[in-house]
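The values are calculated or read from the model by the stated rules, or taken from the named source; none is laboratory data. Because the structure is predicted, anything quoted here is derived from the model rather than measured. Here the Cβ positions follow ideal geometry from the backbone for every residue, glycine too, while neighbour counts run over all protein chains shown. Only protein heavy atoms, including side chains, enter the accessible area calculation; ligands, DNA and RNA are left aside. Shrake-Rupley method; radii C 1.70, N 1.55, O 1.52, S 1.80 Å.
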Amino acid sequence: MDIEGRDVLILGGSGLVGMAVARAMLPHRPRTLAISALRREEAEAAVTELAAEPDAASVKLAAEWGDLFVPDKLKDRPRDALLSDASARAALLDDLLGELTPDLVSRSALGALLERRRPAIIVDCINTATAFAYQNIFQSAAALRSGSVDVEAIERHLATLYLPQLIRHVQIALEAMRRAGTRMYLKVGTAGTGGMGLNVPFTHSEERPSRMLLAKAGVAGAHTLLLFLMARTPDAPAVKEIKPTAAISWKRIAFGDVHRRGKPIDCWDASHALALDDAFRVGCEAWKPTGAKLGGVYLDSGENGQFSLGEFEALTALGLMEYITPEEIAADAVREITGHASGRDVVGALDGATSGPTYRAGALREAALDRMSALEREHGIEAVAYENLGPPRLSKLLFEATLLSRLHPDLQAVSSLDADAMADRSAELVRADDDLRVRMLSIGLPIVLPDGHMLRGPEVNVEPEPGQSPADPRLAENGWVDLRSANWRKWSDRARSMLSGPADGASLGFGSRYDIEPEGWRTRIRPGRLAAWVFRVEDRGARIKR
């Protein structure tokens, strides 16, 4: 797509890659270019630096800041301070572990930012995997197992769990981009080990390879697969990911104070020698400050910190991590956005490498359906559903469609059914047919009778959540066989929608425009086919890639 005249948002835009992407964007003349960073000073400094670029004159630059993985009202608080505040911690966990609702998306920092900016293009340069994995679940677990467990310790541990954070982040991102009308989302991700294997020597000090480093790689891989699925979702933006597999360098080379985690490193000297057994005793404090700051020649690698000559030389040596420049990554990002394949989009690569549906499987499907139908006729049993596939909504739809097939000759009759009469007739059928009723109740599907009463077994797959009213219509929609009139009116509406397409065989005259159903599907109601239509059309669950 064209960048010119578009609103662009770069998440993690003040970092090494983010700034390279921003500079590469400027010659394409976006209407606005918003730079988002964790801290205000980082975002504003990035905007000031970009404003000095020759191509920036026609582009409106803006700074945004805050932690995008928390509620908007908490985005400017350091994570440690947030987790130390009981009310803030509760708000974080409620939004992290609760149901995804429209309000939750709006009050999230990411949702609020996208609603405010409404970008057509997003380039996400946040090192998401590092942000989650380096919260260090291993340290949190050790603290829990130490024996001093209270509610705060449990809540802190819950707040470090990687997958709930990643899943909620991706859910919010998708819904917020839909609302904002975003057309392109490009992620600059990570492999977690700089492209090296499990033998990576640049690791943390515990074991090799480091648990934290592998956690980072695991989160990065999970993120990629979630983006792969997002790219297969209707109404999602175009989704791409560039995943550098080498060290990324560099921002600048200079002489001066060296920083770690944003602060200068204090210099210390040893005051006296200690016996080895005493060296790690609490309170030994055999050291003294020099009053100076650690300094020297360094290479600034951005988010990864400042490296000495020797560190950079070892890291980038041939056969070790080696390196790639941020400008090369930015060039690939802009190529992908503007429609020129770079060959570096891992989402596209997964599309080409995964094994999808096949012609052979399609042919064999018909044979399998015919054989199963013949066996059902032979044994005089219509099993309908076993609830091994899930979700309960599928079983519910199959049983309701089976009731329709028992009481109506074809889909045309369903389209004009009397909903009140259908409610009474379906209830009579359920009471009279012991096998049908037992099959529903035995797999965890309760039956809602026309008067609102319920038949149920010992297990119900879809139960009210704490505080949820049993009258909430979502419960019946998701997994209760509903014999009430309103539900049969819904089925009648569905039947009319199904019949609104070309008649049996007529679609052949339109070439390959339509997905062609077998002849006679209107003359016999097939529950599986009806449920598939509901999932595909009504629930917008169709796959968009083969």
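Remarks
- Dipole magnitude for the chain: computed about the Cα centre from +1 point charges on Lys and Arg Cβ and -1 point charges on Asp and Glu Cβ, it is near 940 debye.
- Divided by 2.2 N^0.38 Å, where N counts the residues, the Cα radius of gyration of the range 369-418 comes to 1.31.
- Across the options L186, A91, G362, the greatest Cα extent toward the positive end of the charge dipole of the chain (unit charges at beta carbon of Lys, Arg, Asp, Glu) belongs to G362.
- Candidate membrane-span-like segments in the chain, meaning DSSP H helices with Cα atoms spread over at least 24 Å of their own axis and a Kyte-Doolittle mean of 1.0 or above, are 211-230, with no membrane implied.
- The magnitude of the dipole of the range 264-383, with charges of +1 and -1 set on the Cβ of Lys/Arg and Asp/Glu and taken from the Cα centre, is near 240 debye.
- Correct option for Kirkwood radius over Cα pairs in Å [calculated from the coordinates] among [x] 25.5; [y] 27.9; [z] 24.3: [y]
- Euclidean distance between Cα centres, the range 58-117 to the range 416-434, Å: 50
- Within the chain, percent of DSSP bridges classed antiparallel, to nearest 5: 40
- Across the options T338, L403, A317, the greatest Cα extent toward the positive end of the charge dipole of the range 282-423 (unit charges at beta carbon of Lys, Arg, Asp, Glu) belongs to L403.
- Largest-first ordering by accessible area, 1.4 Å probe, given options T290, T224: T290, T224
- Sequence ranges 43-51, 151-159, ranked by mean other-Cβ count within 10 angstrom, highest first: 43-51, 151-159
- The range 70-112 residues near the modelled I167 label - backbone nitrogen below 12 Å, point 7 Å along Cα→Cβ: 96-100
- Calculated mean residue ellipticity at 222 nm for the chain: -13000 deg cm²/dmol, from DSSP H runs with n ≥ 4 weighted as -39500 (n - 2.57), summed, divided by the residue count and rounded to 500.
- When nucleic acids and ligands are ignored and a 1.4 Å probe is applied, R431 ends up with an accessible area of around 140 Å².
- By the rule of a C-alpha distance below 21 Å, with chain neighbours fewer than 8 residues away ignored, the lysines paired with K396 are K490.
- Under 10 Å, Cβ to Cβ, from D76 - net charge with Lys/Arg +1 and Asp/Glu -1: +3
- When only Cα pairs below 8 angstrom with a gap of at least 6 residues are kept, the chain shows a relative contact order of 11 percent.
- Inter-part distance where the range 346-398 and the range 219-286 are each reduced to a Cα centre, Å: 46
- Summing Cβ point charges (Lys, Arg +1; Asp, Glu -1) relative to the Cα centre of the range 34-155 gives a dipole of roughly 80 debye.
- Computed accessible area, Y162, all protein chains, 1.4 angstrom probe, square angstrom: 30
- Whichever lysines have a C-alpha closer than 29 Å to that of K240, once near sequence neighbours (fewer than 8 apart) are set aside: K60, K75, K187, K216, K251, K545
- The calculated FRET efficiency for D80 paired with T358, based on their beta-carbon distance and R0 = 60 Å, is about 0.70.
- Signed unit charges on C-beta, dipole axis of the chain, positive-most listed residue G195, V347, S416: S416
- Mean Cβ count within 10 Å, highest first, over the residues of peptides 80-90, 474-484, 7-17: 7-17, 474-484, 80-90
- Whichever aspartates and glutamates have a C-alpha closer than 20 Å to that of K243, once near sequence neighbours (fewer than 8 apart) are set aside: D124, E303, E322, E327, E328, D332, E336, D345, D351
- Computed label-point distance, nm, for sites R252 and A374 using a 7 Å Cα→Cβ extension: 7.8
- The accessible area of W268, taken with all protein chains in place and a 1.4 Å probe, comes to roughly 150 Å².
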